[in-house]
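Comments concern the structure below.
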Amino acid sequence: MPPKTLYDKIWNAHVAHEAVDGTCLLYIDRHLVHEVTSPQAFEGLRIAGRSIRSPDKTIAVPDHNVPTTEGREDPQNMTEDSAIQVAALDKNAREFGIHYYPVTDIRQGIVHIVGPEQGWTLPGMTVVCGDSHTATHGAFGSLAHGIGTSEVEHVLATQTLIQKKSKNMKVEITGKLAPGVTAKDITLSVIQRTGTAGGTGHVIEYCGEAIRDLSMEGRMTVCNMAIEGGARAGLIAPDQKTFAYIKGRPHAPKGAQWEAALAWWKTLYSDEDAIWDKVITMSADDIAPVVTWGTSPEDVLPITDVVPSPHDFEGGKVGAVERSLEYMGLSPGTKLSDIKIDTIFIGSCTNGRIEDLRAAADILRGKKIQSGLRAIVVPGSGLVREQAEHEGLAEIFRQAGFEWRLAGCSMCLAMNPDQLRPGERCAATSNRNFEGRQGRGGRTHLMSPAMAAAAAITGRLTDVREMI
Amino acid sequence: MERFTTLTGIAAPMPLVNIDTDMIIPKQFLKTIKRSGLGANLFDEMRYFESGHENPEFVLNQEKYRDCQILVTGENFGCGSSREHAPWALMDFGIRCIISASFADIFYNNCFKNGILPLTFSQEIVANLMQDAEKGANARMTIDLETQSVTTSDGERFLFDIDRFRKYCLLNGLDDIGLTLEKIAFIDTFERQSRMERPWV
């Protein structure tokens with residue numbers, strides 16, 4: 001048998017039909033649904049008189065619109081259009097009989113945090129969601145990617161997607177990360193190296209010692225941003241850490257099924273002599289704590305660096321950098337660690353898990369944030385929130401001056417009341433620094449939770465290594 | 001889905017690279033539960049000042065480009081969020097074809113589901129088409145999907161590649177779900193087999 005990559009193996013296990021031109025019907029094992037990209041799909045089914053083929057494989061949770069403050073189950077506390085969208089999901093979930101976690105359920109949270117937490121995401125599965133950060137689930141060795149609303153409707157009706165196979169790309173991070181350097185720094189540094197289109201048309205498999213050393217939470221952070229590097233999906237081969245994370249979760253297999261699943265999961269790795277279309281190798285020694293300075297996730301530099309000049313770039317990027325520096329209100333040559341911030345946002349599907357809250361709380365323990373700053377911490381799910389309270393992390397955040405919020409997408413994308421005002425500058429643990437992403441005119445610097453906590457203490461972008 | 005056969009129309013130049021779907025349709029407009037009506041807010045934050053007045057410098061606000069049906073753009077167009085609201089907004093505005101050196105995968109896919117033709121050419125040819133687009137309303141480009149060609153206002157002709165299945169669907173305005181349901185027997189068979197092999201799924 002020819003050698004295969006992990007992606008080849010999962011792909012082959014899910015092809016329900018292949019046409020002569022290579023167009024495939026790929027079977028979908030898990031379909032996650034949220035309120036923003038699904039209403040038109042459910043409406044389409046209704047109009048065509050179609051039903052959902054596999055309601056038991058379909059899981060819905062509202063996350064993008066929901067406020068993160070108390071009293072949010074009252075629609076009065078949402079804008080009218082948000083309330084309509086959340087109500088539509090509620091109606092669709094109940095009417096079509098799919099698994100559903102409403103805002104009043106402690107298990108509610110960001111869809112990409114809820115899926116793994118509940119054991120819906122398992123190795124070797126195909127997982128889709130009308131959301132580009134579905135790549136997150138690749139951390140379990142499942143082929144997971146975002147789809148558009150027409151495809152959401154297609155999966156609801158047929159439990160398949162029309163797909164052509166992508167190319168294989170390997171990103172290897174050798175060696176060990178230095179203290180203060182995290183999964184977020186890996187994923188941002190990879191995007192800096194490849195650019196936001198470097199992974200286009202590929203599925204990335206992340207491997208190497210630094211990746212294996214990461215916890216499941218860290219691996220989810222890395223895969224989450226595969227899409228920011230242009231790849232639809234990121235993968236990490238499952239190992240003992242993966243199996244230990246899954247075991248005992250509500251929807252994980254049990255008993256004899258667990259043993260059968262485990263036996264198959266252990267075959268899910270890229271063969272030694274597998275052929276790659278593209279290979280990137282980086283040394284963990286070369287990865288420092290990083291921040292973004294511009295309005296594209298590829299605009300990444302170590303915190304010890306300075307704001308670049310448009311003339312450091314070539315082609316169309318020159319104009320893009322001029323535009324982004326103007327938007328960001330930054331001048332070339334400014335030390336990144338001199339950039340003052342107004343707001344700190346810790347949360348999102350990239351960094352809203354328990355380990356992220358622990359990392360930030362470690363830096364904040366016994367300290368206060370700079371006066372005048374607005375700082376919010378938004379756990380990724382009700383269960384993450386509960387655990388953080390149990391571990392005393394919530395108290396550390398509160399004591400430091402952070403607002404301790406309820407679970408949701410929050411300020412990552414400003415579809416809910418958590419938004420930046422024009423010109424406001426934010427240290428954010430989310431995934432996109434696009435113009436207007438966190439609110440019209442808002443200025444986003446992406447970084448790790450530990451770096452965001454350090455910035456909260458000093459009021460400027462800060463090298464967290466000075467605090468550990 | 002609306003079919004796409006030939007199109008002769010005005011092309012607007014947008015040379016900026018990495019135009020993301022947050023720029024194409026900002027998040028505040030994703031709260032709709034309909035597919036229609038998003039054209040008014042296409043490129044909203046570039047197109048309008050905060051006061052709500054039009055920014056006269058933005059290309060689609062210039063008289064000659066108001067009725068454009070084609071965009072010629074910088075590379076990596078449509079990166080970021082998977083929102084299908086981006087092609088819905090483009091379509092609602094009247095855009096039927098986008099030409100770039102590269103597209104982000106999800107956006108590219110979403111275009112085909114909505115009767116929009118995204119065309120990829122080399123940087124050199126995109127530069128050439130960008131120049132043609134800069135001539136404004138007098139420069140009409142013609143796109144012929146059947147012969148897979150773009151003809152500039154000067155009569156220069158460039159051929160493009162396109163996936164055969166996608167071309168077939170666009171030419172005939174076919175609905176994916178209907179096509180897949182014709183293959184339902186294969187899905188049934190796969191499901192039965194996979195239930196035996198991977199009963200935990």
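The values are calculated or read from the model by the stated rules, or taken from the named source; none is laboratory data. Just so it is clear, the model here is predicted, and its values are computed rather than measured. All Cβ positions, glycine included, derive from the backbone under ideal geometry; neighbour counts span all protein chains shown.
Observations
- All of (1) under 23 Å from A:Ile246 (Cα atoms); (2) out of contact with any Asp or Glu (no Cβ under 8 Å at 6 or more places or on another chain) hold for A:Ile106 with one exception: (2).
- Checking each residue in the range A:425-446 for being aliphatic (A, V, I, L, M) and either free of Cβ contacts under 8 Å to residues at least 40 places away in the same chain or in contact with a Phe, Trp or Tyr (Cβ under 7 Å, 6 or more places away or on another chain) (or both) picks out only A:Ala428.
- Residue identified as surrounded by fewer than 15 Cβ atoms within 10 Å (Cβ to Cβ) and more than 13 Å from B:Phe4 (Cβ to Cβ) among B:Leu171, B:Leu159: B:Leu159
- Within the range A:51-63, at least one residue is within 20 Å of B:Ser82 (Cβ to Cβ) and either acidic (Asp, Glu) or in contact with an Asp or Glu (Cβ under 6 Å, 6 or more places away or on another chain) (or both).
- Take the conditions (1) assigned to a helix (DSSP H, G or I); (2) under 18 Å from the mean Cα position of the chain (by Cα); A:Ala361 misses just one of them, which is (2).
- Flag for A:Tyr7 being more than 9 Å from chain B (Cβ to nearest Cβ) and crowded, with 22+ Cβ neighbours inside 10 Å: yes
- One residue from A:Ala60, A:Ala48 being over 25 Å from A:Leu406 (Cβ atoms) and either crowded, with 23+ Cβ neighbours inside 10 Å or among the small types (Gly, Ala, Ser) (or both): A:Ala48
- Options A:Ser430, A:Ser348: the member that is at positive phi, of a type in the set (Ser, Thr, Tyr) and at pLDDT 95 or above: A:Ser348
- When the residues of the range A:394-440 are filtered to those that are within 22 Å of A:Val290 (Cβ to Cβ) and in contact with a Pro (Cβ under 8 Å, 6 or more places away or on another chain), the one that is nearest to the other protein chains (Cβ to nearest Cβ) is A:Arg432.
- Of all residues in the range A:279-325, those that are of a type in the set (Phe, Trp, Tyr) and either within 13 Å of another protein chain (Cβ to nearest Cβ) or closer than 24 Å to A:Met169 by Cβ (or both) total 1.
- Every condition in (1) closer than 30 Å to A:Ile468 by Cα; (2) in contact with a strand residue (DSSP E or B) (Cβ under 9 Å, 6 or more places away or on another chain); (3) not hydrophobic (A, V, I, L, M, F, W, C) is met by A:Tyr327 except one, and the failing one is (1).
- Options A:Asp273, A:Asp239: the member that is farther than 21 Å from A:Glu117 by Cβ and more than 13 Å from every other protein chain (Cβ to nearest Cβ): A:Asp273
- Taken over the range B:168-201, the criterion of being in contact with an Asp or Glu (Cβ under 9 Å, 6 or more places away or on another chain) and under 25 Å from A:His14 (Cα atoms) is satisfied by B:Cys169, B:Asp176, B:Ile177, B:Ser194, B:Arg198, B:Val201.
- Flag if B:Leu7 is of a type in the set (A, V, I, L, M) and away from chain A (no Cβ under 13 Å): yes
- Screening the candidates A:Pro422, A:Pro379, A:Pro417, A:Pro449 for the property of being touching a residue at least 40 places away in the same chain (Cβ under 8 Å) and closer than 26 Å to B:Met23 by Cα yields one hit, A:Pro417.
- Residue in the range A:248-259 that is out of contact with any Pro (no Cβ under 8 Å at 6 or more places or on another chain), over 28 Å from B:Gly74 (Cα atoms), away from chain B (no Cβ under 14 Å) and surrounded by 15 or more Cβ atoms within 10 Å (Cβ to Cβ) present: no
- Exactly one residue out of B:Phe49, B:Phe43 is surrounded by fewer than 16 Cβ atoms within 10 Å (Cβ to Cβ), farther than 24 Å from B:Leu170 by Cα and within 12 Å of chain A (Cβ to nearest Cβ): that is B:Phe49.
- Considering each residue of the range A:302-315 in turn, none proves to be small (Gly, Ala, Ser) and surrounded by 22 or more Cβ atoms within 10 Å (Cβ to Cβ).
- Criterion violated by A:Arg232 - all others in (1) under 15 Å from A:Val290 (Cβ atoms); (2) more than 12 Å from the chain's Cα centre (by Cα) satisfied: (1)
- Selected residue (only one of B:Ile116, B:Ile125, B:Ile98 is in contact with a Pro (Cβ under 6 Å, 6 or more places away or on another chain), of a type in the set (A, V, I, L, M) and more than 14 Å from chain A (Cβ to nearest Cβ)): B:Ile98
- Qualifying residues in the range B:59-88 (those that are of a type in the set (A, V, I, L, M, F, W, C) and within 13 Å of chain A (Cβ to nearest Cβ)) - the one farthest from B:Phe107 (Cα to Cα): B:Val72
- Among the residues of the range B:23-38, the ones that are facing chain A (nearest Cβ under 7 Å), among the hydrophobic types (A, V, I, L, M, F, W, C) and surrounded by 20 or more Cβ atoms within 10 Å (Cβ to Cβ) come to 2 in all.
- Boolean, B:Ile106 is crowded, with 23+ Cβ neighbours inside 10 Å, away from every other protein chain (no Cβ under 13 Å) and closer than 26 Å to B:Met1 by Cβ: no
- One residue alone among A:Ala400, A:Ala427 is within 15 Å of A:Ile376 (Cα to Cα), surrounded by 24 or more Cβ atoms within 10 Å (Cβ to Cβ) and not aromatic (Phe, Trp, Tyr), and that residue is A:Ala427.
- Matching entry among B:Thr180, B:Thr152, B:Thr189 (being buried (at least 16 other Cβ atoms within 10 Å of the Cβ), among the polar types (S, T, N, Q) and within 21 Å of A:Arg53 (Cβ to Cβ)): B:Thr180
- Within the range A:441-450, considering residues that are part of a loop (DSSP other than H, G, I, E, B) and more than 8 Å from chain B (Cβ to nearest Cβ), the one surrounded by the fewest Cβ atoms within 10 Å (Cβ to Cβ): A:Gly442
- Search result, residues across the range B:139-187 that are in contact (Cβ under 8 Å) with a residue 40 or more places away in the chain, facing chain A (nearest Cβ under 10 Å) and of a type in the set (A, V, I, L, M, F, W, C): B:Cys169
- Here the strands (runs of 3 or more DSSP E) wholly within the range B:124-192 that include at least 1 residues being basic (Lys, Arg) are B:140-144, B:157-159.
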